[in-house]
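First comes the structure, then the notes that go with it.
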Amino acid sequence: MGAPLPSLRSLRAGVDKLSSDLVLLPVTEGRIASAVRPLGRAMSSLIERRARAANFVGRGDDLLLHQTDRRSIALIGLGNSDGTADRWVRVGARGRREAERLGARRVAAYVGEQVPDHDVAPGLAVGFLLAGYRFEHYRSEQRGPRVESLTVAGEQLPPPAAMRPILEDVASIAQGVFGARDLVNEPPSVATPRFLAEYTHRLAEGVPTLSAEVWEPKRIAREGLNGLLAVARGTHEEPRFIILRHTVEHPRRRIALVGKGITFDSGGLSLKPAKSMETMKYDMAGGAAVLHAVSVAAALALPLEVTAYVPATENLPGGSAQKPGDVIRYVNGKTVEVINTDAEGRLVLADALVVASRNTPDAIVDLATLTGAARVALGGLYACLFGNDQALVDELLAAGRAAGEHLWQLPLVREYREELRSGIADLKNTGGGDAGAITAALFLGEFVTGVPWAHLDIAGPAFGDKDGPLAPRGATGYGVRLLVEYLRAAAGR
């Protein structure tokens, strides 16, 4: 799926050795003179005068384009030296957008004075790749020529042989993000549970450490996954329970990733308003993220056992659909009264969390576009984070900061558990209306036993309603980079 990525390479050389259509020149705020000095006295003097005239000082949103007969030079503001690690990602993304605007095929980024900061080259490269994503499968006319290459250059860079595996890892991560975006952006008539299952088998093909397993309805029933079966009753599309596992000998840790896989959510009999359904193909973004995180873990040869569990179904209001007032008996013995069929994600995740817990991994992390309350609380840039183990929560917070995919921890308020009390069952599937993200997390926690667990409600950042710096409108692939960063840290990388 998707077009080939631009090639990435590094060059231990000065700016005068670069052969490219466009040179990106990052500029720390207030340090224009030192940034442009490698261009030579005449050129640097000219650009400094232009910068003063344009009030370009290197702020995070500053850009100055200078064109010569040979090539274009784009000065891109870095902000001050105390900026966050993801500022390099933003610079790479800004450079890619400028390259696309200019039609540049070969792009170079000169980072002479910035190294040996280890965030520079991979940050620039990942931002450059991610910002070039397009989903054009259904357009009759596609946009013009693509960027073909990015060269990261600087006299102080490590030798190309040392940089090559770093840039290869960046490309693998970008491919994972693009795969997740593609799955979510596909129309729901295409990205059905069956399609997800077949796609997972393709992810595992030819990868020695990856294995895919798909449970069809008979196996799902035999395993007692009654939440998944209940939600699937309203649709003609059969559900699937998807498992993708990366295995190695003597893994350092065993980690389970659970992702919500509702391929379209109408709300069931508790029908959503029409406007709210327009983007409900994205309700499987958590499943798309965990599948690709496992795929990237294999590509990076991480010394871990990582398993993705994705319960996949549609949620539709067919004649056989579950009804408000129904009771589901789960395989762990708990019973749940269904109050609102639009709170279906937690019903299928409960099954997956029970299955994941059976194997007693070192940690379980689930990702789900679970509640509108999460988006109301934190908007479109942060995901809500909950957990029963603060060490695991802290690891994920650190991974989010490193990846630039932001998390905010919210409390698991035990007193709110009363909101889930049912008059006829152990639980009901919705609370009283307040603190919806928290009561949803408390519900999920009832299905995790004896394992450190964290829940990421990604309803806000998984899908953008307008173009962003790293992705056009639509799926963002949120969670792939965060999970890969967490897995790399768990592997000691």
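The values are calculated or read from the model by the stated rules, or taken from the named source; none is laboratory data. Remember, it's a predicted structure, so these values are computed and weren't measured experimentally. With ideal geometry, Cβ positions are generated from the backbone for all residues, glycine too; neighbour counts draw on all protein chains shown. Accessible surface is based on the protein model in full, side chains and every heavy atom, while ligands, DNA and RNA are left aside. Shrake-Rupley method; radii C 1.70, N 1.55, O 1.52, S 1.80 Å.
With the simple model of a label 7 Å out from the Cα in the direction of the Cβ, Glu168 to Arg329 spans 5.4 nm. Rounded to the nearest 5, the antiparallel percentage of DSSP beta bridges internal to the chain is 40%.
Per residue, the average separation of C-alpha pairs within less than 8 Å and at least 6 apart gives the stretch 155-278 a relative contact order of 24 percent.
For the stretch 230-360, averaging the sequence separation of C-alpha pairs within contact (under 8 Å, six or more residues apart) and dividing by the residue count gives a relative contact order of 38 percent. Proximity of backbone amide H atoms, modeled 1.01 Å from N, is registered between Thr28 and Leu78 at under 5 Å, excluding neighbours fewer than 5 places apart on the same chain. Taking R0 as 56 Å, what FRET efficiency do you get between Ser320 and Ala161 from their Cβ-Cβ distance, rounded to the nearest 0.05? Between Ser320 and Ala161 the formula returns 0.40.
The label point for Val413 and the one for Met277, both projected 7 Å from the Cα toward the Cβ, are 3.4 nm apart. Measuring with a 1.4 angstrom probe and ignoring ligands and nucleic acids, Glu278 comes out at about 120 Å² accessible. Rounded if a/c is under 1.5, else prolate if a/b beats b/c, else oblate: with a ≥ b ≥ c from the C-alpha gyration tensor eigenvalues square-rooted, which is the stretch 290-337? Note, shape of the stretch 290-337 comes out oblate. The C-alpha atoms of the chain define a longest principal axis, and helix 436-445 lies at about 70 degrees to it.
In the stretch 117-159, a dipole from Cβ-located charges (positive for Lys and Arg, negative for Asp and Glu) runs towards its positive end, and of Leu130, His118, Leu150 it is Leu130 whose Cα lies farthest in that direction. For the chain, the solvent-accessible area works out to 41 Å² per residue, with a probe of 1.4 Å and every protein chain left in place.
What does DSSP give for the stretch 323-460 in terms of the percent of beta bridges that are antiparallel, rounded to the nearest 5? Around 40 percent of the beta bridges assigned by DSSP in the stretch 323-460 are antiparallel ones. Rolling a 1.4 angstrom probe over the chain with all protein chains present gives an accessible area of which 49% lies on carbon and sulfur atoms.
Roughly how tilted is helix 41-54, in degrees to the nearest 10 and between 0 and 90, from the longest Cα axis of the chain? Orientation of helix 41-54: about 50 degrees from the principal axis.
Each peptide among 330-337, 319-326 gets the average number of other Cβ atoms lying within 10 Å of its residues, and from highest to lowest they stand as 330-337, 319-326.
Per residue, the average separation of C-alpha pairs within less than 8 Å and at least 6 apart gives the chain a relative contact order of 15 percent. Could you give the distance between the Cα centres of the stretch 457-483 and the stretch 237-312, to the whole Å? So the separation of the two Cα centres works out to 15 Å. Here the average projected area of the convex hull drawn through the C-alpha atoms of the chain stands at 23.9 nm². Compared with the dominant principal axis of the Cα atoms in the chain, helix 120-130 is inclined by about 60°. Over 22 Å between Cα atoms, which of Lys218/Lys428; Lys272/Lys334; Lys281/Lys466 qualify? Distance filter (> 22 Å) returns Lys218/Lys428; Lys272/Lys334. Here the calculated FRET efficiency for Asp362 and Arg37, from their Cβ-Cβ distance with R0 = 35 Å, stands at 0.10, rounded to the nearest 0.05.
Per residue of the chain, the DSSP helices (runs of n ≥ 4 H) give a summed -39500 (n - 2.57) that works out to -10500 deg cm²/dmol at 222 nm.
Sorting Met43, Met163 by accessible area puts them as Met43, Met163; the probe is 1.4 Å, largest comes first, and only protein heavy atoms count.
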